[in-house]
Structure formats: structure tokens, C-alpha cells
1. From A420, A402, A449, A468, grab the single residue that is modelled with pLDDT of 85 or more, open to solvent by less than 70 Å² (accessible area, probe 1.4 Å) and more than 30 Å from R385 (Cβ to Cβ).
2. Does any residue in region 24-36 that is in contact (Cβ under 8 Å) with a residue 12 or more places away in the chain and open to solvent by less than 10 Å² (accessible area, probe 1.4 Å) come within less than 7 Å, Cβ to Cβ, of a residue that is polar (S, T, N, Q) and not in a loop (DSSP other than H, G, I, E, B) six or more places away or on a different chain, and which pairs are these?
3. Is it the case that V182 is in contact with a strand residue (DSSP E or B) (Cβ under 6 Å, 6 or more places away or on another chain) and either open to solvent by 30 Å² or more (accessible area, probe 1.4 Å) or aliphatic (A, V, I, L, M) (or both)?
4. Within region 342-354, is there a residue that is open to solvent by less than 20 Å² (accessible area, probe 1.4 Å), in contact with a helix residue (DSSP H, G or I) (Cβ under 9 Å, 6 or more places away or on another chain), modelled with pLDDT of 95 or more and not charged (D, E, K, R)?
5. If you take the residues of region 147-187 that are among the small types (G, A, S), in a helix (DSSP H, G or I) and closer than 20 Å to I23 by Cα, which of them is nearest to the chain's Cα centre (by Cα)?
6. Among R106, R72, R52, which is the only one that is open to solvent by 70 Å² or more (accessible area, probe 1.4 Å), farther than 27 Å from E269 by Cβ and of a type outside the set (F, W, Y)?
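The values are calculated or read from the model by the stated rules, or taken from the named source; none is laboratory data. Note that the structure is a prediction, hence the values are computed from the model and not measured. All Cβ positions, even for glycine, are placed from backbone atoms using ideal geometry, and neighbour counts span all protein chains on display. For accessibility, only protein heavy atoms count, side chains too; no ligands or nucleic acids. Shrake-Rupley method; radii C 1.70, N 1.55, O 1.52, S 1.80 Å.
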Amino acid sequence: MERQLISAVAQRETMTEAPYVGIYDFQLFPYSLGDVLTWNVQTAVRSIDAGRSQVDIYICADPRYPAGVFQRASIVAENAFLYLNEMLGAFGTHPCLGNIHVYMSRDQLVERLEITARGDAVVKTAVDEYEATLRSGDDSVKKEYFSQTISSHAKINEHYARHGGIPLLGPCRGCEPDVEGVMTRLLGGKRVVIVHPRLRRLDHGLGSERSQDRDSDFLEWYEFLRGAAVTHPDAQFVVVGRLQEKPLELLRLSNVTSLRALGLGLGHELTLLRRADLFIGTSSGFAAMANFSETPYFVTRLTKYSYFAYGVPNGSPSLPFAAPNQILVRETETAALLANLLDQGLSLPSRGAPPSGLTRPTEIDPNKFSRSRDQWLSVNAMTSRYFTDDDYADQETAFLVAPHVAKGNEAVSIGDVTKAAEIARRVSENFPRLSQRYPQLRALADPLAPPLMSRLLARARRPFRELAARALGWLPSAFRAVSPKALHRVVTMIHGTFVDDLLRKMKG
């Protein structure tokens, strides 16, 4: 975090407690991951330059004004809140995050901002600029406001030139415990490579035909990742972004996983990217997270507009504030190019977590599964499911059907083998792998098989052993001289009769 600290140290003596105000109105700014992340850094720079250490974020998602000039065709009142919900995790990475306020009424937001700006010249300047843009009916004015507030890196580059560092994006609030679990459980001992091939055309729901020309070539990426399983078996690729944009064949590769498939979200992906060994992805939303992090990266498919917004010459290999291992790549993605970038990136020292030291169990035992999950659960995490393979699926299923198996065992104990066999049939037909791997289930299917019968006979013997012990105390003193062997024969005879009756009942 050295570059971030340089900037903070340079300003700390002039910092005040009053927060800076950052305003993200979705009528003026897009529902765009890259834009939100860049806006986070832009407002952090403005806050630090104004002597403020904290930014209070004010988000406006008024359904009367659902989208701005760039997204009016696809985002409307009926779906705008869903877009907001998917984007909130990005705001949690703000370098100077204070409070987050979400307003569904712009009138109430403006009223609140005007109260906040009273007596604070810095905040008043930001609020006045925002309100002036709202009042303008000229789209070109709104586009210029967007450029100056988000897309142009001019102020970020100036800040770096003055201070030798910029505020970097942080982990998304609340996501670190789950990501710690992912790093040590699922990815422990692996070289973690975050990849983002942009395939927006696959997700028709986003209505983004206007930007599909920026999409990646699926076949080139697929061949690259498939080949990397051989050339870099120690690398695990985590593909980020909406699952709807990820081809199923890509997700089925053994060396590719997705946090979304584990039930995790955007905030977790952004947090993991900060800890990864390498990022390789097209110039799109997640590339902004890489740009403002310490993670080594290769950002591909740079356009002329990208270089212009970055404030660097067309074809420049890096951003002004980039580390030596953070590279911009103008060339079109090919499997060969991506493989070469991977070789370069993985030649750097590992930044990932070491192996956890835990060995995953493979046997099917619901009792052990319940206990062993605690070993995989990271402290304060919200999930313990870090695996989706067949072993974990079978263990999880056995844990969930264990109450049915217990009922089957109870049925066997009272001689109702029909009910036990029916329970075994239902579970086995629904989950065929369990019938081979779950010993208790196999025993239910054939209750007279040796393992289960041994347990039943052992259970049946216990009361007779206790009876024999008590009988010695009940016998008259005249009989106590009888040899133990003779008494044993009597008890065995009684026990044998009971067992014979039990077997006849179960078979009949």
C-alpha cells in the first residue's frame, strides 16, 4: 500500500474532521462498475486535496429519473433499483469511505445537501456544481460534468505528480472474512489469477448492444484457459463478473472457478482482486479495480478513448501512477498473447495465501461433516461453502438426508424392514452416488447384511448381559454355588430364543 500511504502522509497535517461530499446521481452518471470505482478515487483525491480525510457518499436513484444520457434505452424505472442493488458493493471500496446515504427522492437529497453545505465552502462548491448540472437541459453539459468528475484522469494524474501517490481502492466493507476463507480454503497454495473476458453480448438482459464491439473473443480465451491447465497446473483462475456473461463451458474447466457460483457477490470479487497474484482482463469495469490497486495486471483491448481518458499517449504501456508490473496492452487478445502475459505475470513472487494445512475429508459421514465445517469456516464469515465438487456435494447431501436414514434405522430396530427399504430406495434414486459411498444407506437397503445386523445383535445382547449380572444377586444362596459356565448356558439359551424370534419376524 506504499503509493496510497505516500499520498495520505503528505496531507495528514492539514486534514479536518468535516467530511467531503461525494454525489453519485444515476441520472448524470452511468450504472457502470468502472465508472463507480473511478469516481471513488476521484472523490478521494478531491477530499484529500481539500484537506478532508473522509467522504460521505450520497447516491440518488430516483425512479422518476432512472438513467442518464448513456443508458436511457436500457434502464427504466422498472429495473433501475436492481441495477443499483448490483452496484452497491463497488461503493464499499472507497478509499476514504464515511457514511453512505441512498435517496430514492432527489428532492429530499437536494434538501439534505443544501443543509449539509451551510457554513462549509468546500461542500457548497460541490453541491452548487451538481445542482447547476441538474438544471441544465443540455446533454453536452451533463457529458462534460461526467468527464470532469469521473472519466478524465486529469486530477488523479495531477495528484500523483504533486504527492508521488494516489489513494487506492480498499476491500469492500464486510467482505474480507469470506475472502479470507476463499483464499485459505479453496485457493490455498494456488497462484490466484483473476480473469475478466468481456462477453456482454451473452447477457441480453443488459440491453447493451451499443457496447458489444468491446467484447472479447470467447474461443481465444477458452483455448488460453484450457491450455493453462497444462502449462500452469498450480494456477487457479477466478472469472469475475455476472454469471450471465460467463459461458458455461468456461465455468466447467477444472482450473476455472467463480465466486458468484459460491453465492458470493461483486464486493467479494473486488476484494479478492486486491489479493490475487495477477489480473488479466479487458479494459472494462474490473480493470478499474486493478488500476487502483497494488495487484500486478495486464489490461487488454485498450481503445483510443481509454488512452485519452487516462491522459496518456495512445499506445502507452502504463498509467502514470502504475507500478512496474502493471501493464496496458493495446493488442487484440489471442490465446498466444494471453499465454505469454500469464508467463510474465506468474514469474513474479506469489502474493496469495499459503496452504491452510487442513486436509479435506472425502468419506461420507454426516456427523463428521457437521463438525468439520467449523474448520473451513473463516472467523466472522457469512459462508462455509467454499467447494462445489462431487465430494462436497455428496457430503452435504448425506448431511441433509441423515434424518431420513435415522428413521430407517429406527424402522429396522422394530423389524419394519419394508419402511427401511423404502427410505433407502428414495434416497438412492434421487442421489445415485450416495448408494455407493454412504455405508448407512447401503445397510438400510439390506438390513440383514452383516454390518447392520451386527449392530442390532449387539444392541439386543446388552439387556441380557445386564439381566445375567442382576440375576446373580437375585438367586437364593443355594444356587450361588452353581458354576458361572452353567449360568452362562442358561442365559445364552434365553438370548438365542429371542434372536431367533427376531430373525423370523424380520424375514417374514
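1. Values: A402 fails: more than 30 Å from R385 (Cβ to Cβ); A449 fails: modelled with pLDDT of 85 or more; A468 fails: modelled with pLDDT of 85 or more.
Checking each option against the conditions leaves just A420.
2. Pairs that qualify, where the first residue is in contact (Cβ under 8 Å) with a residue 12 or more places away in the chain and open to solvent by less than 10 Å² (accessible area, probe 1.4 Å) and the partner is polar (S, T, N, Q) and not in a loop (DSSP other than H, G, I, E, B), are L28/T133.
3. Numbers: in contact with a strand residue (DSSP E or B) (Cβ under 6 Å, 6 or more places away or on another chain): no; either open to solvent by 30 Å² or more (accessible area, probe 1.4 Å) or aliphatic (A, V, I, L, M) (or both): yes.
It is false that V182 is in contact with a strand residue (DSSP E or B) (Cβ under 6 Å, 6 or more places away or on another chain) and either open to solvent by 30 Å² or more (accessible area, probe 1.4 Å) or aliphatic (A, V, I, L, M) (or both).
4. yes
5. If we filter region 147-187 for residues that are among the small types (G, A, S), which is where we start, we get 147, 151-152, 154, 161, 164-165, 170, 174, 181.
If we keep only those that are in a helix (DSSP H, G or I) too, we end up with 147, 151, 154, 161, 181.
The next check asks that each one be closer than 20 Å to I23 by Cα; those that pass are 147, 151, 154.
Working: S147: 32, S151: 28, A154: 33 Å.
Selected residue: S151.
6. Working: R106 fails: open to solvent by 70 Å² or more (accessible area, probe 1.4 Å); R52 fails: open to solvent by 70 Å² or more (accessible area, probe 1.4 Å).
Criteria check complete, one pass: R72.
For (1) open to solvent by less than 70 Å² (accessible area, probe 1.4 Å); (2) of a type in the set (F, W, Y); (3) farther than 21 Å from D35 by Cβ; (4) at pLDDT below 95, each residue gets a yes or a no:
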position: N79; (1), (2), (3), (4): yes, no, no, yes
position: L84; (1), (2), (3), (4): yes, no, no, yes
position: M87; (1), (2), (3), (4): yes, no, no, yes
position: C96; (1), (2), (3), (4): yes, no, no, no
position: I115; (1), (2), (3), (4): yes, no, yes, no
position: V127; (1), (2), (3), (4): yes, no, no, no
position: Y130; (1), (2), (3), (4): yes, yes, no, no
position: I150; (1), (2), (3), (4): yes, no, no, no
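Residues checked against (1) farther than 15 Å from R201 by Cα; (2) in contact with a strand residue (DSSP E or B) (Cβ under 7 Å, 6 or more places away or on another chain); (3) open to solvent by less than 20 Å² (accessible area, probe 1.4 Å):
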| residue | (1), (2), (3) |
| --- | --- |
| Q212 | no, no, no |
| E220 | yes, no, no |
| V230 | yes, no, no |
| V238 | yes, yes, yes |
| R242 | no, no, no |
| S254 | yes, no, no |
| R260 | yes, no, no |
